[in-house]
Structure formats: structure tokens, C-alpha cells
1. Can Trp279 be described as in contact with a Gly (Cβ under 6 Å, 6 or more places away or on another chain) and of a type in the set (Phe, Trp, Tyr)?
2. Report, ordered by the first and then the second residue, all pairs with beta carbons closer than 7 Å, sequence separation of six or more or different chains, a first member in region 189-201 that is under 14 Å from Leu377 (Cβ atoms), and a second member that is buried (at least 17 other Cβ atoms within 10 Å of the Cβ) and basic (Lys, Arg).
3. Return yes or no: is Lys373 over 22 Å from Ile260 (Cβ atoms), surrounded by 18 or more Cβ atoms within 10 Å (Cβ to Cβ) and of a type in the set (D, E, K, R)?
4. On the basis of being under 20 Å from Phe346 (Cβ atoms) and assigned to a strand (DSSP E or B), does Val186 make the cut?
5. State yes or no: is Arg219 in the same structural domain as Thr163 (by TED's automatic domain parsing), out of contact with any strand residue (DSSP E or B) (no Cβ under 6 Å at 6 or more places or on another chain), charged (D, E, K, R) and in contact (Cβ under 8 Å) with a residue 40 or more places away in the chain?
6. Quick one: count up the residues across region 72-101 that are under 19 Å from the mean Cα position of the chain (by Cα) and touching a residue at least 24 places away in the same chain (Cβ under 8 Å).
7. In the list Ile197, Ile251, Ile305, Ile260, which residue meets the criterion of being among the hydrophobic types (A, V, I, L, M, F, W, C), in the same structural domain as Phe159 (by TED's automatic domain parsing) and either surrounded by 14 or more Cβ atoms within 10 Å (Cβ to Cβ) or assigned to a helix (DSSP H, G or I) (or both)?
8. How about region 183-202: which of its residues are under 17 Å from Tyr90 (Cβ atoms) and in contact with a strand residue (DSSP E or B) (Cβ under 8 Å, 6 or more places away or on another chain)?
Amino acid sequence: MADNPPPAVSALPASATTPAAADPRAVLQVERRDFVDLVPTDRPQAQPMRGFDPVYTDIVDYIVRCTHRIWDERDIGLIYTHYTHNAVLYSTLGALYSREEVIHDTIARMVSFPERRGQATQVIWRGNDVDGFYTSHLVTGVGRHTQHGVYGPPTGRPFTSRTVADCMVLNNRIYREWLATDAIAVLRQLGLDPHPIAEKMAQSLFAKGQVPQDLGENRRLIGQYPPEEQADLSIAHTETEATLLQWLHTIFNRRMLGTIQQVYAARVQYHGTSMRELWGRAAVMQHTLKLMGTLPDAIFVPQHICSVPSEEGGEKIAVRWVMEGHHLGHGLLGEPTGHRVFVLGFSHFHIVNRQIIEEWTIFDELAMLAQLKLGALVAGG
């Protein structure tokens, strides 16, 4: 039973079966290539890139190369040619609504960590140069805290953290982006207490008039009915994507955690927030319980999914999701406060023979903590 996951979901909406314009196998993949191979100087075009700068040979080259040019080469001004003027960047605590705000945020991040290098770990994508591309870029950042900035005076300590940026791109420009950074992992490696920093974040939001909206129930349950048995598969493009969405719905919304034993490989490796590295089904189940225990009434809603065949075998699938619930239990955030919490998260899965053999999941625990502090401020606590 443990090594035989539930049958694949076969029913897909007709609109979900449209193939991408280019064969994804012709596009570079990150995991087994050195950086110089990912940003080639003499590689022919691997897919149509109408409207993109000639230097970019495919969409993975675009994401990896422009990120390197902006963040490592410090050509921040490339944001003017790589983002639209009205680009929107979403995070757990809100959004930036213009290209200039993106530039200001980039400068602020660079000030504290001038030695940081963002190493591409994966780029999972879908789309074409006519309708636009969607990319999910997993980055492993390494560096040292050498300058005074948002985290106070420099500690000189090194750090490693993970970030995911999902982008919608057309004609060389990003017009929408979703971002989650594992900021709390950085703080812990620098020896800093995340609570006063979350408090400052909450005070800044409060001063701007931002307050948490507690909408009551999140409709995971309708009245006294149980959760829906079937997931919404309308965003899936392939049978494997649809099957994964059903697995996630069964685990997170129906609370059938035994599914983990069936759909994760016995040898699974899990890369989580706070740079957690877990091995095996039992560890995945315990960590899932921790998140679920923090927000025991939460609803899990996938917002986007895309996939590419993996050169290592099987498929790599990226899911952008949100969770909404109330801090009613112990888990990741300490003593329950009852405050509403919103989570923007990203998961990359490697699926081989209909089992998950590796997972990367990123969400911003520091932003979750800041929401609790903001709730306390609003309540006068």
C-alpha cells in the first residue's frame, strides 16, 4: 500500500490541455548545469523569444541571466527594461505597485548584504512568446551580513536561505511577480531574535493604516458539511498536475495525512523553511502537522501550477498557493493568539513514477509573525 499511490486523475478541462508552443526539452534546465552554461555566449535560440533582448536564448536563460545581471553585477537599472512601469510584486505582507518601488526595494536589500549571491536552483515554466511566459524561479542565496540595514548593525555572520519568485513575462518585461523569502532563516543564522524585527514590521504597517482583516470562516467547510472530496482541477495542464492538486487537496483540506505515506517516496527529501532539511515520510508528515497545527482551521488554495519534464527523470512541478486561517494552535509561531494569518507559499515537486521524491517549500515565517504582532497592535495588546 505505501508504495502504490492513488490512481492518477484523468479528467481535465478541455482548456487545460493546450500544449506550450515550444518543446520544453529544448530549453535549458538548471539542476545539472554550471552557471556559465546557463548564460551562454554562443548558443543558438532554443525557442521563439519575440520581443526579448537578443542575448536571451530561452526563457530559463532570461530568468537566470537577468537576475544575475541585476543582483550580482549590480545593474539595477536593468529593471527599467525588464519590468513594466506598472509591475506589481506580491508578497505575504502586501504588494509593490510600480517599477520604481521594485527598484527601491532592490537597493534596500543590497545595502545589508552586498556579498549575497543568488544561485539558481530551479526554473519551472510554462508559456510562449505570444501569450507570455510564467516562470517559477527557486534561488539559494548565500552571503554575509556586513553592512548596517533593515536588520540593524552588521553581525559579520554568513547565511544561506531560499527564495522563490514567480513571474509573468511578455516582451522582455516582467509585469507581475509573486515573492517569498525565507527571512527568518537569515535572522536565526545571524543570531538575531525575529520577534523585535517582526514588531518593527508590524508597527510600520500599522502606521500606514494597514490592519488585518478577520473575515471569519474561510469556507473550507460550508456550514456543517465536510470538505469537498474533489479538488478544483481547472488550473491543471497535465494529468500529473491534476493528480498532484488532488493529493494536496486531500492532505491539506480534507486532513487525510495518511496520503503522505502513499504519495511520497520512502526516500523523499524535503527542503523547507528555516533551511529545514528533512528525509523520509515520517518527517514530512510531522512538518505538515506543524503547519496545520499552527493554523488548524486553514484552507489551502493552489493559485497556479506548471511543470516541465526533468532531465533527471520524471517531472518537476511548481505550485503557487495560499493558506488562510487563524493562529489557534501550537506549531511554528508559539503560543496561540487567535489572530488571522495569511500565507503566500511556493512548492516545487520532483515526481517520478507517480511518487514525490523531492520537495522544496518556501513561505515567509517572519511575515506570519509580523501579522500576529499587527493583530496585537490593532487589539491594543
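1. Working: in contact with a Gly (Cβ under 6 Å, 6 or more places away or on another chain): no; of a type in the set (Phe, Trp, Tyr): yes.
No; evaluated as a whole, the condition is false for this residue.
2. From residues that are under 14 Å from Leu377 (Cβ atoms), the pairs are Ala198/Lys373; Glu199/Lys373.
3. Values: over 22 Å from Ile260 (Cβ atoms): yes; surrounded by 18 or more Cβ atoms within 10 Å (Cβ to Cβ): yes; of a type in the set (D, E, K, R): yes.
Yes.
4. Details: under 20 Å from Phe346 (Cβ atoms): yes; assigned to a strand (DSSP E or B): no.
Against the criterion (under 20 Å from Phe346 (Cβ atoms) and assigned to a strand (DSSP E or B)), Val186 does not qualify.
5. On the way: in the same structural domain as Thr163 (by TED's automatic domain parsing): no; out of contact with any strand residue (DSSP E or B) (no Cβ under 6 Å at 6 or more places or on another chain): yes; charged (D, E, K, R): yes; in contact (Cβ under 8 Å) with a residue 40 or more places away in the chain: yes.
Against the criterion (in the same structural domain as Thr163 (by TED's automatic domain parsing), out of contact with any strand residue (DSSP E or B) (no Cβ under 6 Å at 6 or more places or on another chain), charged (D, E, K, R) and in contact (Cβ under 8 Å) with a residue 40 or more places away in the chain), Arg219 does not qualify.
6. Taking region 72-101 first, the residues under 19 Å from the mean Cα position of the chain (by Cα) are 87-96.
Filter again for touching a residue at least 24 places away in the same chain (Cβ under 8 Å), leaving 87-94.
Total satisfying the criteria: 8.
7. Working: Ile251 fails: in the same structural domain as Phe159 (by TED's automatic domain parsing); Ile305 fails: in the same structural domain as Phe159 (by TED's automatic domain parsing); Ile260 fails: in the same structural domain as Phe159 (by TED's automatic domain parsing).
Step by step, each of Ile197, Ile251, Ile305, Ile260 is checked, and only Ile197 is among the hydrophobic types (A, V, I, L, M, F, W, C), in the same structural domain as Phe159 (by TED's automatic domain parsing) and either surrounded by 14 or more Cβ atoms within 10 Å (Cβ to Cβ) or assigned to a helix (DSSP H, G or I) (or both).
8. In the first step, residues of region 183-202 are kept if they are under 17 Å from Tyr90 (Cβ atoms); the result is 183, 201.
The answer is Ala183, and nothing else.
The values are calculated or read from the model by the stated rules, or taken from the named source; none is laboratory data. What you see is a predicted model; the values in this text were computed from it and never measured. Note that each Cβ is placed from the backbone with ideal geometry, even for glycine, and that neighbours are counted across all protein chains shown.
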